[in-house]
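Notes to accompany the following structure.
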Amino acid sequence: MKTREIGGSLTSGVPDTNRRGFSRRSVLAFAGALGAVTPFGVLGAARALTAAGRGSLPYLPGDPLICRAAANGEELQGPPHQLKLAWNANAACTVAAAVAKERGIFANHNLDVEFFNFGGSTDQLLEAIATGKADAGLGLALRWLKPLEQGFDVRITAGVHGGCIRLLGAKAANIDNLETLRGKAIGISDQASPAKNFSSIFLAKNGIYPANLLALAVDKGEVQALAEIDPLPYLWLKDGKLNEIATNLSDGFADRTCCVLAIRGSLVRNELPVAAALTRSILEAADRVASDPADAAAVYSGYGGKGSVEDLTAMYRSHTHHNHPVGPTLKKQLVLYTDELKAIHVIKPSTDPAKFAERIYLDVLS
């Protein structure tokens, strides 16, 4: 279970970065009116999507043509193919990688995968993948889409699961629904966090939008709600002081993926069967998390995951590790996320969501 680390510098490691404490969290307040909820299509399970989600692999000018037939073979020949996978051991949503390693799924696909516990920014992570310091990475779409807009040579190949972002309200402040959030301050881990982006999108769709009340919230020293990714918010709910207002499975987000797998562009172009094997391994491991959450919890605990195995098992049951889209379904979700991030001024107004999704996604399975 030993992992190497890459952090703020792309050439040297840094110590494992712990999740920031609440006292260091920035604060965001929400008030006003905007938007409406839009329903979205239903996604299938991974195996059905792998078989049915047939999409063309877009050709990028200057890229060598890719042989599609090479990806369809289930077995890689020769000695195990060595890969470096960047992940965050503190994030419960990356558990499929740990399950794939510890339960022999990578090995069954003839892969020898080394983990990099990444402690730097998402921009640095994507640069590390694009430049070959890592071969692939797992992370949340709502954090990755903005830096991917810069043009990193990294391609998303699959969604992994949904349901790990939670918006919680303080019982002491009587925050138990969306209406009671109006004008209140929400604590976030950082201004680019996926929880901040999801909360902004979700509240905008429900008639509440971000307002700059940061100074007032700081002066009062008050935070009435918080948004964060599991496992911490799930565990905080057990204290009995917070209400769950929403998750990224609420309303029209029920079928969305939040965590995605992305692979170095040159690896996809030059070793497509390896990229396909890695993608299949992660999806197979996600299926195992869905079918045996207790085993996934035990694996995650072995990597230092916070919480008891019992609590983590219940948390994984609340996620959708059985729902990991590929092909046109995932591409549609990336379009939707890009549209929504444009609406809250994260993605540039000039970015075309459909063209952007076409550029950052590759179907390596069909």
Subject >> Test: residue in region 235-245 that is crowded, with 20+ Cβ neighbours inside 10 Å and polar (S, T, N, Q) >> reply: no
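Being in a strand (DSSP E or B) and closer than 21 Å to residue 145 by Cα is the filter here, so list the residues in region 168-193 that pass it.
Once the filter is applied, which keeps residues that are in a strand (DSSP E or B) and closer than 21 Å to residue 145 by Cα, region 168-193 yields only 188.
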Original post:
Taking only pairs six or more apart or across chains, which ones have beta-carbon atoms under 6 Å, a first residue in region 337-356 that is free of Cβ contacts under 8 Å to residues at least 24 places away in the same chain and over 16 Å from residue 142 (Cα atoms), and a second residue that is part of a helix (DSSP H, G or I) and open to solvent by 20 Å² or more (accessible area, probe 1.4 Å)?
Top reply: 354/335
**OP:** Scan region 341-356 for residues that are over 16 Å from the mean Cα position of the chain (by Cα) and either of a type outside the set (A, V, I, L, M) or closer than 18 Å to residue 152 by Cβ (or both) and jot them down.
**Re:** 342, 345, 346, 347, 348, 349, 350, 351, 352, 353, 355, 356
Subject >> Matching residues in region 86-108 - criterion: being closer than 14 Å to residue 282 by Cα, in contact with a strand residue (DSSP E or B) (Cβ under 9 Å, 6 or more places away or on another chain) and not in a helix (DSSP H, G or I) >> reply: 86, 87
**OP:** Restrict the check to region 292-309 and report whether at least one residue is farther than 16 Å from residue 98 by Cα, out of contact with any helix residue (DSSP H, G or I) (no Cβ under 6 Å at 6 or more places or on another chain) and of a type outside the set (Lys, Arg).
**Re:** yes
Original post:
Which ones in region 276-289 are farther than 16 Å from residue 326 by Cβ and aliphatic (A, V, I, L, M)?
Top reply: 289
Original post:
Got a number for residues in region 84-99 being open to solvent by 10 Å² or more (accessible area, probe 1.4 Å) and modelled with pLDDT of 90 or more?
Top reply: 1
**OP:** Those residues that are touching a Pro at 6+ places or on another chain (Cβ under 9 Å) and among the basic types (Lys, Arg), I need them from region 257-280; list them, please.
**Re:** 269
**OP:** Answer yes if at least one residue in region 242-252 is within 21 Å of the chain's Cα centre (by Cα), in a helix (DSSP H, G or I), of a type outside the set (Gly, Ala, Ser) and under 23 Å from residue 139 (Cα atoms), and no otherwise.
**Re:** yes
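Just name the residue that is modelled with the lowest pLDDT out of those in region 162-209 that are on the phi > 0 side of the Ramachandran plot and open to solvent by less than 20 Å² (accessible area, probe 1.4 Å).
Taking the candidates together, the pick is 207.
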Original post:
Just to be sure, is residue 77 open to solvent by 40 Å² or more (accessible area, probe 1.4 Å), in contact (Cβ under 8 Å) with a residue 12 or more places away in the chain, out of contact with any Cys (no Cβ under 8 Å at 6 or more places or on another chain) and assigned to a loop (DSSP other than H, G, I, E, B)?
Top reply: yes
Original post:
So is residue 135 free of Cβ contacts under 8 Å to residues at least 40 places away in the same chain and of a type outside the set (Phe, Trp, Tyr) or not?
Top reply: no
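The values are calculated or read from the model by the stated rules, or taken from the named source; none is laboratory data. Just so it is clear, the structure is predicted and the values come from calculations on it, not from any experiment. Here Cβ is always computed from backbone atoms with ideal geometry, including for glycine, and neighbour counts include all displayed protein chains. These area figures cover heavy atoms from the full protein model, side chains too; ligands, DNA and RNA do not enter into them. Shrake-Rupley method; radii C 1.70, N 1.55, O 1.52, S 1.80 Å.
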